[in-house]
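To start, the structure under review is shown below, and the notes come after it.
The values are calculated or read from the model by the stated rules, or taken from the named source; none is laboratory data. The structure presented is a predicted model; accordingly, all values stated were derived computationally and were not measured. Every residue, glycine as well, gets a Cβ built from its backbone with ideal geometry; the counts of neighbours run over all protein chains shown. Quick note on the areas: whole protein, heavy atoms, side chains included, nothing else; ligands and nucleic acids left out. Shrake-Rupley method; radii C 1.70, N 1.55, O 1.52, S 1.80 Å.
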Amino acid sequence: MLKESIAIALRALLANKLRSILTMLGIIIGVGAVISMVSIGMGVREKVQSSIASLGSNMLIVSPGAASSQGVRSASGSSITLSLEDAEYIKKMVQGIDYVAPTVSKQYQIIAGNQNWTTTVYGITPEYMAIKSLTVGSGSFVSQQDINSRNRVAVLGATVVENLFGELNPIGQNIRINNTPYQIIGILDSKGQSTMGQDQDDIILVPLTTAQERLLGITYLNSISIQVTKLEGMDQAQEQITSLLRQRHKISGTKEDDFTVRNLTSIMAMMTETTGTITLFLGCIGAISLLVGGIGIMNIMMVSVTERTREIGIRKALGATYRDIMLQFLIESVVIGVLGGIFGIALGISAAFAISTFGSLQTVLSAISILVPFGVSVAVGLFFGIYPARKAALLDPIEALRYE
């Protein structure tokens, strides 16, 4: 009976091809819109997460500044309140942390032969490699010996290598930073761009002590990056670091901190929640088309009931029950939803690939983002087919036979 009802539904749709296509169009556009919009939202979320993750996992960043001066709050990183001793004290006293990486940085024009390139030079320690998830493609990284001896050595990012040396191997060659020669000891593997569009390969790393004493002539730090062992220990570590630094900086009572401790895990959670809301919003925009498509299904099914009133009367006269008539029209509306969903999936996947290939947005497709809109299209066909099917099933057979 079910197989026969499906065959009848398909014949009814094929008998009015243009009308059937126009009816399905709302469902096709709705499913396609939901899939493509959700794929954009998921792409944005993945890009944000990968960008934050590229900074390091379970990360706390301590920056100088954020202190009030005569009622004016300065920007984080604008003061000179952090020292190397602060970083060493944090590493010694705070429990549940793996790495502590103090850093300084400044932009310089780098010269190699007859080539030059402006980039940011970071003064770092060996822990920086682990805490920032860096890998060395060739050569070696900054060592503790380099730190102790204040060696003039440098590790280059892929972008710097490309612009200064092209296809040549720069290991062992010299570059000039602030008119002082530095020997290249390593090249970092590429990390690409961050979410904010910043090139993470456009960097040069030198020993922290070399940068402080030979390049910048300073004793303070620009930031301290800290990797916590376990995610659940982030809040406790943040509290301990804040308490320790307040003690070291002799900040008591209600005085405001002269440093800022940022929790990247909290930032990631907030960004994930935000992008999730954006994805939901985009999905709801596409779902409006599904609602319109469902109304179109109900409209065309009402027309179909009117056109086939005498057919319904004949079926009832031959013994068709209320359930038989209702099932036939419900199957017909569900078939519209199923076919519209299938074509909509094809449209949505094509749109997502087109946006990713030809546009500037990253898209991510998943089984859920495809199956859910398809399931909704079937449910829409069923829901909006109930009223027309019930109306057909309740027709009086005698009156139906008399219908002109």
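Residues in segment 2-26 that are loosely packed, with under 12 Cβ neighbours inside 10 Å and farther than 16 Å from V334 by Cα were compared, and the one that is farthest from the chain's Cα centre (by Cα) is A15.
Applying the condition of being basic (K, R) and free of Cβ contacts under 8 Å to residues at least 24 places away in the same chain to segment 216-256 and asking which residue is farthest from L84 (Cα to Cα) yields K255.
Just one residue in the set G293, G283 is buried (at least 18 other Cβ atoms within 10 Å of the Cβ) and at pLDDT 85 or above; that residue is G293. Selection of segment 257-280 for residues being in contact (Cβ under 8 Å) with a residue 12 or more places away in the chain and closer than 28 Å to V376 by Cβ yields M271, T272, T275, G276, I278, T279, L280. Residues in segment 186-245 that are open to solvent by 10 Å² or more (accessible area, probe 1.4 Å), of a type in the set (V, I, T) and over 23 Å from the mean Cα position of the chain (by Cα): I187, I203, T209, I218, T219, T229, T242. Counting only helices (runs of 4 or more DSSP H) wholly contained in segment 302-393, the ones carrying 1 or more residues that are at pLDDT 90 or above and open to solvent by 50 Å² or more (accessible area, probe 1.4 Å) occupy 322-358, 367-393.
For I398, the test of being surrounded by fewer than 21 Cβ atoms within 10 Å (Cβ to Cβ), among the β-branched types (V, I, T) and over 30 Å from I40 (Cβ atoms) is passed. Scanning segment 282-314 for residues that are without any contact (Cβ under 8 Å) to a residue 40 or more places away in the chain and either farther than 28 Å from Q328 by Cβ or within 32 Å of the chain's Cα centre (by Cα) (or both) gives a single hit, C284.
Scanning segment 293-324 for residues that are out of contact with any Pro (no Cβ under 9 Å at 6 or more places or on another chain) and of a type in the set (S, T, Y) turns up T306, T309, T321, Y322.
E273 meets each of the listed conditions (1) farther than 30 Å from E85 by Cα; (2) open to solvent by 70 Å² or more (accessible area, probe 1.4 Å); (3) assigned to a loop (DSSP other than H, G, I, E, B); (4) not β-branched (V, I, T) apart from (3).
The residue that is nearest to A211 (Cα to Cα), counting only those in segment 107-117 that are touching a Leu at 6+ places or on another chain (Cβ under 6 Å) and open to solvent by 50 Å² or more (accessible area, probe 1.4 Å), is W117. From (1) open to solvent by 70 Å² or more (accessible area, probe 1.4 Å); (2) outside any helix (DSSP H, G or I), pick out the condition that doesn't hold for T260. Failing condition for T260: (1). When we screen V44, V31 for residues that are touching a Ser or Thr at 6+ places or on another chain (Cβ under 9 Å) and open to solvent by 20 Å² or more (accessible area, probe 1.4 Å), the only hit is V44.
Screening D86 on (1) in a strand (DSSP E or B); (2) more than 30 Å from G43 (Cα to Cα); (3) in contact (Cβ under 8 Å) with a residue 60 or more places away in the chain shows it passes everything except condition (1).
Within the bounds of segment 235-257, is there any residue that is assigned to a strand (DSSP E or B) and over 30 Å from S36 (Cβ atoms)? Among the residues of segment 235-257, not one is assigned to a strand (DSSP E or B) and over 30 Å from S36 (Cβ atoms), which makes the answer no.
Within segment 56-95, if we keep just the residues that are modelled with pLDDT under 60 and among the hydrophobic types (A, V, I, L, M, F, W, C), the residue that is surrounded by the fewest Cβ atoms within 10 Å (Cβ to Cβ) turns out to be V72.
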